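Okay, so here's the structure we're looking at.
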Amino acid sequence: MMRQFFAYYRPYRTLFLLDFGCAVLAGALELTFPVAVNVVIDQIMPRNNFHYILLACLGLLLFYMFNTALQYIVVFFGHSLGVNIETDMRRELFDHLQKQSFGYYDNQKTGKLMSRLTTDLFEISEVAHHGPEDVFITIMTLIGSFYLMFRMHASLALSMVVLVPFITFALYFFNKKMTNVNTEIYENLGEFNAGVEAAVSGIRVTQSFANEAHEKKRFHYLSELYRQSKLTFYQVMGVSSAYNYFIIRLMNLFALLFGAYYTLQGELTSGQFVSFILLSNVFVRPIEKVNIMIESYPKGIAGFKRFNEELKRKPTIQDFPNAQAVDHLNGNICYDNVSFAYDPQHPVLENISLTIHQGETIAFVGQSGSGKTTLCNLLPRFYERTGGTITIDGIDIQAITLSSLRQQIGMVQQDVFLFPGTVRENILYGKLDATEHEVEQAVKLAHLELVMNNLPEGLDTVIGERGVKLSGGQKQRVAIARMFLKNPPILILDEATSALDTETEQVIQESLNQLAKGRTTLIIAHRLATIRHATRIIVVSSEGIVEQGTHEELMAKQGAYRRLYESQFGSQTK
């Protein structure tokens, strides 16, 4: 894990060496002050010449000014190093999440993913900055200050280090314990964020059902879980801090007690005694950092473990070896004995075979849960078939790169998602480099012109999160305009006009019919009146495809389709 962690330093070797070098130099220079005090007291002061003392203090002033510059470099450039590594990790994690399949997100909570992209990586950034230099400087300062103390008085120096093993034990024990506690904190924080995200996103549902008290109770439960895990963390940290405080103060006490004794015995000069006291403070200073290390390092280690666990989770759907990019597909689609299951015990589709010719408009109808949407979602490989083959123009879709395959397929889903921003930005999502003329044409084809004229900023009107400022029909038309702009050879319409009123639906339906000319169009329909024009209507049930044909042919059969039709329109079959 450490090798993986330090791999992120490679692009910033110069920055790391600058930060690390200045930190080490600053730490080494701190050792010179006690030595300088010893010289001033034992060698300069006996001369009774204040001029020499003034020169010595001036030298120390220059020393402190230089060390101040080093401190600035360590703080600014060191944190810059941490932020750069944090940013690289965040980009890598975001790219990784972008590659995950629909199935992955079916089992994830948004709040948990947000925690991994934010809180986890912030703690890693702190460790990336402080970790290597703190460990090295702690060791260097301990060795350097002990060496200087040992040169002054060996027995006194040894009395100081007798307590170091107790600090080492604390570092190991509390670090391990707090890493485990922090892992639990991150889990609870993820649940907490997921709960908050759901509560905020669903506020309209909450208020419409007057369930504020229920949401408050659930929020308090999640908040209490997070609170308890944080309290456990601070309890362990409190014991660690108190333990280390006591050991460090014992070291100071030992230095004072034994130093005074050896000074009275004439084995130490006054200057050496003062210098030893100062060196003992330098000696314990890095040990005091142990408390900070025990608080922050476990957070970073726990965060990096979770980061690694996520990166090791390979996308279930990705480009196959030797997959080829395609520039254009005609739209001849073939499902050959296709099967699919979200889990092995519950198959959704079994041995489905279907041929769709270029330019056909195919409508899928049937009861909810029969597999209509799933059948269409297999085509752009949002989910991976578990059996059989699916080809377009005779090419297995698994032999086509995901990006080029999905560029050839336009989809308007039943649950329209709009990004925060303007109407224009959402339409441009269909073709990011589209011209103004192309956008205007898409708006016109989707019959959005009147809507845009009534908005305060027209196409540049900010529509709020998920398009909250637009009606359901307006959001659906923005999604249709986005699809018009993409202009793909294959269309999938998942009840694309479901949110429109009857009059608007007829207008949009005409536009969709016009767009479908010369293109292969798959329509998932619940309202049968919208698909009477289809080249073929496919009736899907839990047993698979039970009927197919034109509206007139299926009505004449008096089978499953006719029963569906009559359930919507009564016995009127004309």
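Each reported figure results from applying straightforward, stated rules to the coordinates on display, with no laboratory input. Predicted, not measured: the structure shown is a model, and the values here were computed from it. Cβ atoms come from the backbone with ideal geometry, glycine included; neighbour counts cover every protein chain shown.
If you take all other residues with their beta carbon under 9 Å from the beta carbon of Leu97, and give Lys and Arg +1 and Asp and Glu -1, the sum is 0.
Using the alpha carbons alone, the radius of gyration of the stretch 32-133 stands to its Kirkwood radius in an Rg to Rh ratio of 1.42. The angle between the Cα long axis of helix 560-569 and the longest principal axis of the Cα atoms of the chain comes to about 90 degrees, rounded to the nearest 10.
List the relative contact order of the stretch 520-574 as a percent without decimals, with contacts defined as Cα pairs under 8 Å and 6+ residues apart. For the stretch 520-574, the relative contact order is 23 percent.
For the chain, the relative contact order comes to 14 percent (Cα pairs under 8 Å, sequence separation of at least 6). Counting only Cβ charges, +1 for Lys and Arg and -1 for Asp and Glu, the dipole size of the stretch 2-311 around its Cα centre is about 180 debye.
Per-residue ellipticity at 222 nm, computed for the chain from helices alone with -39500 (n - 2.57) per DSSP H run of at least four residues, works out to -20500 deg cm²/dmol. Cross-link pairs exceeding 25 Å between alpha carbons, from the set Lys112/Lys177; Lys99/Lys517; Lys176/Lys314; Lys176/Lys216: Lys99/Lys517; Lys176/Lys314; Lys176/Lys216.
Relative contact order of the stretch 1-132, taken over Cα pairs closer than 8 Å and 6 or more residues apart, is 35 percent. The spacing between the stretch 235-272 and the stretch 1-80, judged by their C-alpha centroids, is 24 Å. Per-residue Karplus couplings for the stretch 50-58, computed as 6.51 cos²θ - 1.76 cosθ + 1.60 with θ equal to phi - 60°, are listed in order as 5, 4, 5, 4, 5, 5, 4, 5, 5 Hz, Gly and Pro entered as x. Put simply, the C-alpha atoms of the stretch 333-385 give a gyration tensor, and the ellipsoid matching it has half-axes of 19, 13, 10 Å, longest first. Taking other C-beta atoms within 10 angstrom as a stand-in for reagent exposure, Cys334, Cys22 fall in the order Cys334, Cys22, fewest first. Across the stretch 2-311 the C-alpha pair distances fall into 10 Å bins from zero in the proportions 5, 20, 24, 21, 14, 9, 5, 2, 0 percent. When its C-alpha radius of gyration is set against 2.2 N^0.38 Å (N residues), the chain gives a value of 1.44. Globularity index of the stretch 416-487 is 0.94 (Cα radius of gyration / 2.2 N^0.38 Å, N = number of residues). Taking a straight line from the alpha carbon of Lys557, these aspartates and glutamates sit under 18 Å away, with near neighbours fewer than eight places off in the same chain left out: Glu547, Glu566. A Cβ-based charge dipole, computed about the Cα centre of the chain with Lys and Arg at +1 and Asp and Glu at -1, lands at about 940 debye. The residues Asp120, Asp393, when put in order of fewest to most other Cβ atoms within 10 Å, stand as Asp393, Asp120. One decimal place: the segment Val35-Tyr64 gains 9.0 nm when fully extended, by the rule 0.36 nm per residue minus the C-alpha distance.
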